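Just below is one structure, and these are the notes that go with it.
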Amino acid sequence: MESEAVLSRFHGVYDKLNQALDGMPYDELGVSVEVKEQVELMRMQLKRAKRRTDTQDMELAMDMMVVFSKTDDRNADIAILERLANKLELHTIADLKAETAAIRKLVKHRGGNNETVQQILDLLGKFKLIMGIDETVSLDGPISTRTLRRCQSSLIPNEFLCPIILEIMTDPVIVATGQTYERESITKWLNSNHRTCPKTGQTLDHLSLAPNFALRNLILQWCEKNNFELPKKDTYPSSDTYSADLMEEISLLVKDLSSSHPNVRRDAVMKIRMLSKENPENRISIANTGGIPGLVQLLYYPDSKIQEHAVTALLNLSIDETNKRLIAREGAIKAIIEILQNGTDEARENSAAALFSLSMLNENKILVGNFNGIPPLVNLLQNGTIRGKKDAATALFNLSLNQANKSKAIKAGIIPPLLRLLDDKNLDMVDEALSILLLLVSHPEGRNEIGRLSFVETLVGIIRSGTPKNKECAVSVLLELGLNNSSLALAALQFGVYEPLREIAINGTNRAQRKANSLLQHMSKCEHIP
């Protein structure tokens with residue numbers, strides 16, 4: 001608790017120090033070059049000392065909000081899911097199996113299910129999908145027909161089972177590490193942008209698949225001897241032929257983006273939009289065949305539907321990390337911001353989502369701010385559809401991780417609509433609003449506007465009766481306000497924060513407990529508590 005209090009006090013004076021050093025008139029003061037260098041070095045050290053763990057927590061929380069959304073069809077965004085899987089250290093089959101078993105055990109212990117547990121199980125299912133595992137395959141229990149068949153055939157030798165889906169192999173192939181997998185399963189894995197062996201975790205030197213004829217013959221002999229019928233597999237064209245055909249199709253579609261016939265352009269951009277949504281391989285192929293410049297040009301095309309298709313295709317392509325840079329380099333951000341201001345409802349929503357995706361790169365955060373992209377996002381947050389508000393909130397959260405963008409968001413009038421979101425329970429955006437407010441409250445201008453008595457009373461109400469995550473974030477915001485203005489801490493006491501704060505200090509989340517104890521300690525030192 002003491003270390004947390006020291007940390008909080010340090011960050012409480014950070015902005016004051018930075019503000020004092022900002023724009024210091026060295027020439028008027030007549031200081032030497034050496035002193036100027038020392039002051040600038042101090043500013044750099046202060047910037048490096050900025051709180052980062054809270055930001056990471058909030059990034060994790062914001063990612064969770066997106067994937068747990070029931071209404072947003074981008075809740076299976078591969079980039080977000082992969083980032084979550086890495087942060088939660090759930091990126092191998094063994095990890096997923098152990099976690100699923102633990103959740104099932106928790107459900108059994110509680111004697112039932114609830115919405116939170118189901119959300120976690122759904123998330124684990126999405127992790128399975130990005131690993132290329134069929135969503136019907138359970139990692140801990142026989143819930144599908146194929147899984148039941150596996151259990152009934154428990155005498156099948158382990159070496160005949162695919163390590164990914166744990167089914168007997170009909171077309172075993174060998175990867176670069178010497179491990180054998182069912183062709184369909186390992187192909188899904190590789191098409192999901194993985195370049196490692198699922199079983200060993202080793203990086204694959206190449207992606208060639210060699211048929212394991214010897215093992216296939218052994219499997220066939222065993223099946224005949226044990227009267228076991230191999231599952232029938234659908235026949236597909238060879239992957240090489242399929243890839244060549246697809247590349248040819250994508251190449252023709254990219255050329256059609258520049259057609260002089262509007263209907264040809266519209267059909268091409270619509271098909272590219274669909275292909276870009278399907279899998280990572282398509283996104284890479286579209287970029288490699290020059291699709292991004294053509295799509296960016298269509299952002300300026302005087303047809304609202306073509307603009308909508310183009311911005312959505314770029315949103316899909318931006319899931320790929322390399323494509324984020326390519327899209328920004330082609331000048332898309334400025335055009336996306338124009339569509340955000342003037343496009344159809346769906347185009348505006350997808351423009352906001354595209355800015356969120358692109359701004360995962362720090363250099364793109366700066367570009368969005370410099371191209372004046374924050375005011376139209378604030379407008380969408382205030383006046384958009386429910387989905388538009390959510391898209392705008394996630395984009396604004398991400399952009400506000402940049403200090404300069406915080407000031408721009410505050411000047412654009414972000415705080416009033418955020419405060420209204422706290423009062424509108426029907427939108428279910430309290431977490432999003434609090435997360436953004438927590439970023440803005442670290443800025444002097446943000447504190448001045450946020451730190452009103454009516455807002456303090458709202459925070460106290462959330463601390464008293466909000467969800468655990470609501471309470472955690474509300475306590476964090478109040479702590480930041482109170483450390484910079486003790487009168488606001490006193491106001492919170494007068495609104496009855498003391499008892500719920502003590503309860504959180506004992507029973508809240510780990511982070512909420514730390515923040516609550518720091519706030520109680522600060523209040524105690526101000527001698528406002530008996």
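The values are calculated or read from the model by the stated rules, or taken from the named source; none is laboratory data. Quick caveat, the model's predicted, so the values are computed rather than measured. Because the Cβ atoms are built from the backbone with ideal geometry, glycine has one as well, and the counts that use them run over all protein chains shown. Ligands, DNA and RNA are excluded from the accessible area calculation, which covers all protein heavy atoms including side chains. Shrake-Rupley method; radii C 1.70, N 1.55, O 1.52, S 1.80 Å.
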> Does any residue in region 512-527 that is without any contact (Cβ under 8 Å) to a residue 12 or more places away in the chain come within less than 9 Å, Cβ to Cβ, of a residue that is assigned to a helix (DSSP H, G or I) and open to solvent by 50 Å² or more (accessible area, probe 1.4 Å) six or more places away or on a different chain, and which pairs are these?
Replying inline: 513/506; 513/507
> Checking residue 384 against (1) within 21 Å of residue 324 (Cα to Cα); (2) modelled with pLDDT under 95, which test does it fail?
Replying inline: (1)
> Here is a list of conditions, (1) among the β-branched types (Val, Ile, Thr); (2) open to solvent by 10 Å² or more (accessible area, probe 1.4 Å); (3) at pLDDT 90 or above; (4) within 22 Å of the chain's Cα centre (by Cα), and residue 436 meets all of them except one; can you say which number that is?
Replying inline: (2)
> Applying the selection to region 356-374, what residues are of a type in the set (A, V, I, L, M, F, W, C), modelled with pLDDT of 95 or more and within 22 Å of residue 390 (Cβ to Cβ)?
Replying inline: 368, 374
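Would you check which residues across region 325-352 are open to solvent by 10 Å² or more (accessible area, probe 1.4 Å) and part of a helix (DSSP H, G or I) and list them? So that I can check it myself, show each step before the final result.
Here is the first cut: in region 325-352, the ones open to solvent by 10 Å² or more (accessible area, probe 1.4 Å) are 325-326, 328-331, 334, 338, 341-346, 348-349.
Those that are open to solvent by 10 Å² or more (accessible area, probe 1.4 Å) and part of a helix (DSSP H, G or I): 325, 326, 328, 329, 334, 338, 341, 342, 345, 346, 348, 349.
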> Looking at (1) without any contact (Cβ under 8 Å) to a residue 24 or more places away in the chain; (2) not assigned by the TED database to the domain that holds residue 273, which is the only condition residue 302 fails?
Replying inline: (2)
> Listed residues 333, 327, 284; which is more than 27 Å from residue 392 (Cβ to Cβ), under 21 Å from the mean Cα position of the chain (by Cα) and among the hydrophobic types (A, V, I, L, M, F, W, C)?
Replying inline: 284
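Would you pick out the residues in region 353-382 that are part of a helix (DSSP H, G or I) and either farther than 19 Å from residue 437 by Cα or among the acidic types (Asp, Glu) (or both)?
Applying the first criterion (part of a helix (DSSP H, G or I)) to region 353-382 yields 353-358, 362-370, 374-382.
The answer is 353, 354, 355, 357, 358, 362, 363, 364, 366, 367, 368, 370.
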> Is there any pair with a first residue in region 244-256 that is more than 17 Å from residue 317 (Cα to Cα) and a second that is part of a helix (DSSP H, G or I) whose Cβ atoms are under 6 Å apart and which are 6 or more apart or on different chains, and what are they?
Replying inline: 256/264; 256/268
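Pull up region 245-276, narrow it to residues that are among the basic types (Lys, Arg) and under 16 Å from residue 300 (Cα atoms), then point me to the one that is surrounded by the fewest Cβ atoms within 10 Å (Cβ to Cβ). Steps first, answer last, please.
Within region 245-276, the first condition is being among the basic types (Lys, Arg), and the residues that meet it are 255, 265-266, 271, 273.
Narrowing the set further to residues that are under 16 Å from residue 300 (Cα atoms) leaves 265-266.
Numbers: 265: 22, 266: 18.
Filtering first and then ranking leaves 266.
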> Does residue 408 count as touching a residue at least 12 places away in the same chain (Cβ under 8 Å), among the basic types (Lys, Arg) and surrounded by 23 or more Cβ atoms within 10 Å (Cβ to Cβ)?
Replying inline: no
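Looking at region 295-311 only, could you name the residues that are polar (S, T, N, Q) and open to solvent by less than 10 Å² (accessible area, probe 1.4 Å)?
Looking only at region 295-311, we keep the residues that are polar (S, T, N, Q), and these are 297, 304, 307.
Passing the criteria: none in range.
How about region 148-263: which helices (runs of 4 or more DSSP H) wholly inside it have at least 2 residues that are closer than 27 Å to residue 279 by Cβ and modelled with pLDDT of 85 or more? Explain how you work it out, then say what you get.
Working: elements: 183-191, 213-225, 239-256.
Ranges flagged: 183-191, 239-256.
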>> Would you confirm whether or not region 279-294 contains a residue that is more than 24 Å from residue 366 (Cβ to Cβ), in a loop (DSSP other than H, G, I, E, B), in contact (Cβ under 8 Å) with a residue 60 or more places away in the chain and open to solvent by less than 80 Å² (accessible area, probe 1.4 Å)?
In response: yes
>> If I ask for residues that are open to solvent by less than 10 Å² (accessible area, probe 1.4 Å) and among the aromatic types (Phe, Trp, Tyr), which ones from region 353-403 would you list?
In response: 397
